[in-house]
C-alpha cells in the first residue's frame, strides 16, 4: 500500500490552522473532508497533473473542489501560518542548520527601502496639424 500523502503527525499540525466550515443556511451537499481535500491538493501539486484530472477514486472530491479549498486556505493565510509553525517546531527540535541559510533581496526587502522618485512634470505637447487637411490637398497655409 502506498504511503499516505498526509500523515497523522502532519495532519495534527495542519488541522488546527484551518478555518472553520462556513455555515450553510440553505443546506446543500455535505462538504468534502478537509483532510481528503488536502490529500487531493498535495497529489495534484506533487504529480503535476491538471486539477480536472484528479482521480475520483482517491476520494478527495473533484479537482475543482480541491482547487477552491486551496484558494480559500491561501486567502485565510493558512500556508503562511503552517510555514511559521513548522519552522518553529524544527527550531525547537534543533533541526535547522542556520549555517546553510541564505537571503537575497528577493526574499527580504531593504531596511530603508528605495528613495521615492520625484514626480515627473508633464510637458505640454504641441497640437499636431490635422493629417486629413494636408493629405487631401485642399487647404493650404
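Rule-based calculations on the coordinates, nothing more; no lab input. Just so it is clear, the structure is predicted and the values come from calculations on it, not from any experiment. So basically every Cβ, Gly included, is an ideal-geometry build from the backbone, and we count neighbours across all protein chains shown.
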Original post:
Relative to a virtual label point 7 Å from the Cα of residue 82 in the Cα→beta-carbon direction, which members of the range 19-33 show backbone nitrogen distances below 20 Å?
Top reply: 19-22, 31-33
Subject >> 10 °C / 1.306 mPa s Stokes-Einstein diffusion coefficient of the range 1-106, Kirkwood radius on C-alpha pairs, µm²/s >> reply: 100 µm²/s
